[in-house]
1. Where both partners of a DSSP beta bridge lie in region 6-213, what percent of those bridges are antiparallel, to the nearest 5?
2. Given contacts defined as C-alpha pairs under 8 Å and at least six residues apart, what's the relative contact order of the chain, whole-number percent?
3. If I histogram all Cα-Cα distances within region 279-461 using bins 5 Å wide from 0, what percent of pairs lands in each bin?
4. Residue farthest toward the positive end of the dipole of the chain, with Cβ of Lys/Arg at +1 and Asp/Glu at -1: which of 457, 119, 25?
5. Give the Kirkwood hydrodynamic radius (Å, one decimal) of the chain, defined as one over the mean of 1/r across all pairs of different Cα atoms.
6. With a 10 Å radius around each residue's Cβ, average the other Cβ atoms per peptide and rank 180-192, 439-451, highest first.
7. If I stretch the segment between residue 84 and residue 392 completely, what's the gain in nm (0.36 nm per residue apart, minus their alpha carbon distance), one decimal?
8. Let me know the shape class of region 88-181, please: from the alpha-carbon gyration tensor, a ≥ b ≥ c as square roots of the eigenvalues, rounded when a/c is under 1.5, otherwise prolate if a/b is greater than b/c, or oblate.
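Read-outs throughout are calculated quantities, based only on the coordinates presented, and are distinct from any laboratory measurement. Keep in mind the model is a prediction, meaning the values are calculated, not measured. Neighbour counts run over all protein chains shown; Cβ positions are idealised from the backbone, glycine included.
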Amino acid sequence: MKNITNICCIGAGYVGGPTMSVIAQKNPHIKVTCVDLNEARINAWNDDNLDNLPIYEPGLAEVVKEARGRNLFFSTEVDEAIDKADMIFISVNTPTKTYGEGKGKAADLKYIELCARQIARVAKDDKIIVEKSTLPVKTAEALKSILHNTGNGVSYQILSNPEFLAEGTAIQDLQNADRVLIGGDDTEEGREAMQQLVNIYASWLPQERILTTNVWSSELSKLVANAFLAQRVSSINAISELCEVTGADVSEVSRSIGMDSRIGSKFLKASVGFGGSCFQKDILNLVYIASSLGLQEVADYWEQVILMNDYQKHRFARKIVKTLYNTVADKKIAFLGWAFKKDTNDTRESAAIYVAEKLLQEQANISIYDPKVKKEQIITDLENLGTLDPEAIHKRITVVSNPYEAMKEAHAVAILTEWDEFAAYDWQKVYDNMMKPAFIFDGRGILDLKNLTKIGFQLFSLGKSNTAVK
Ligand code: UDX
Ligand code: ADP
């Protein structure tokens with residue numbers, strides 16, 4: 001098999017964009033073209049001003065600057081890129097289905113299928129197809145069937161190469177990955193295709209971190225890794241409530257259990273709830289697969305991780321309402337943060353959306369500040385819930401670019417994302433300009449409890465019992 005010299009990636013989103021940027025940076029001899037149907041997104045990837053890249057990710061602009069125009073290209077010419085490529089990554093979105101069988105649980109594979117049909121129509125020579133999107137187990141089989149039955153007689157090898165990057169640290173996660181997983185067929189052609197992909201990653205990662213497995217193990221491992229991580233967050237969040245009603249402090253509990261090397265210190269931070277495009281979707285996938293195979297106890301076990309997460313978001317919103325004398329109607333509540341975590345402009349499944357939903361149903365006015373999320377996105381997130389009157393959203397939501405303005409004359413401040421800058425604000429100034437009593441609800445445990453209490457705030461911090469607000 002000839003060496004790979006031309007790669008195409010279908011989908012220039014949070015996964016495709018950063019991944020291809022790093023692959024191109026580390027493999028200057030390979031031409032990498034990232035294509036997308038969304039012209040505005042591609043224009044933003046090609047913008048001379050790197051501040052306008054469609055995705056905010058620390059370190060990404062530098063990588064794009066180095067590789068773009070050299071061997072990294074962004075384009076809307078999907079057919080042309082497919083035709084020229086030896087290896088095609090599929091990195092399109094796979095949201096949870098919002099209709100039909102499996103609604104609310106199964107992954108919607110229509111974008112994947114469209115890609116497969118497009119590849120089958122265009123390809124004139126042999127290709128290696130790499131699944132990069134998070135997909136339910138056995139998607140490779142579906143891809144194979146479409147490609148082999150509708151193609152021009154060319155031969156395809158299908159690899160699964162799940163993405164483990166976390167947003168906000170994507171570049172670091174790619175450049176210094178704990179492991180890369182490559183699943184393929186245990187045939188001569190399959191092993192050869194896997195080796196081609198191994199070679200690409202081996203340009204910057206040590207061989208021992210590149211694992212090869214069968215396709216199903218690779219696909220399932222991705223879901224399981226996310227399910228385990230999310231389970232840790234739900235576990236510590238369950239403990240956060242227990243801490244609030246006993247004398248314990250969740251950060252002390254996290255620290256002490258995290259020092260047990262069998263448990264480990266990561267993913268033990270109590271929060272208002274996990275978000276992002278992967279955790280919920282992947283667990284729902286796992287639940288759906290288990291229950292369609294008749295493994296109801298397995299399905300129920302994993303579903304509880306999601307139920308705990310929903311509970312945490314609702315509990316936080318209820319705490320705000322209850323503390324503000326059981327009514328937030330027409331009161332101004334300031335939100336600091338809208339993204340699902342710091343250092344990203346991604347808002348998919350962000351806890352902030354669900355907390356806002358509850359408060360809007362209680363007729364609160366919400367003033368939002370997030371360093372990277374734009375107003376249009378916030379409005380779209382709320383409209384997409386389908387549970388709120390669009391007029392009420394426009395009337396009650398204000399999005400501002402200055403945090404002090406967001407908090408001015410507010411009855412309460414809620415911290416929804418753990419952006420570093422929030423801890424560094426002039427909280428005395430905030431206090432002076434707020435309604436009294438001035439309430440703060442810290443959903444991320446990032447504020448200095450002692451200092452803020454001294455200023456005069458009534459503070460609630462998740463998982464802490466020594467707060468003014470019980
Ligand atoms: C996740 C996986 O980490 C990554 O490997 C996979 O490829 C994609 O899904 P991501 O969704 O970008 O990445 O973010 P992650 O850092 O995992 O955080 C997910 C959510 O959990 C965030 O809302 C975060 O705030 C929350 N979280 C995380 C906590 O509440 N507490 C923690 O201790 C850790
Ligand atoms: P992820 O977080 O998985 O990267 P995104 O939604 O950020 O998800 O990115 C997926 C991208 O895939 C979107 O920009 C979307 O326009 C693109 N896309 C979906 N289907 C196709 C297709 N058939 N051809 C090209 N691009 C596609």
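1. In region 6-213, DSSP labels about 5 percent of beta bridges as antiparallel.
2. Result for the chain is 12 percent.
3. 1, 8, 16, 20, 19, 14, 9, 6, 4, 2, 1, 0
4. 457
5. When all Cα pairs of the chain are included, the Kirkwood radius is 23.7 Å.
6. The densest-packed peptide leads the list: 439-451, 180-192.
7. 105.9 nm
8. The shape class here is oblate.
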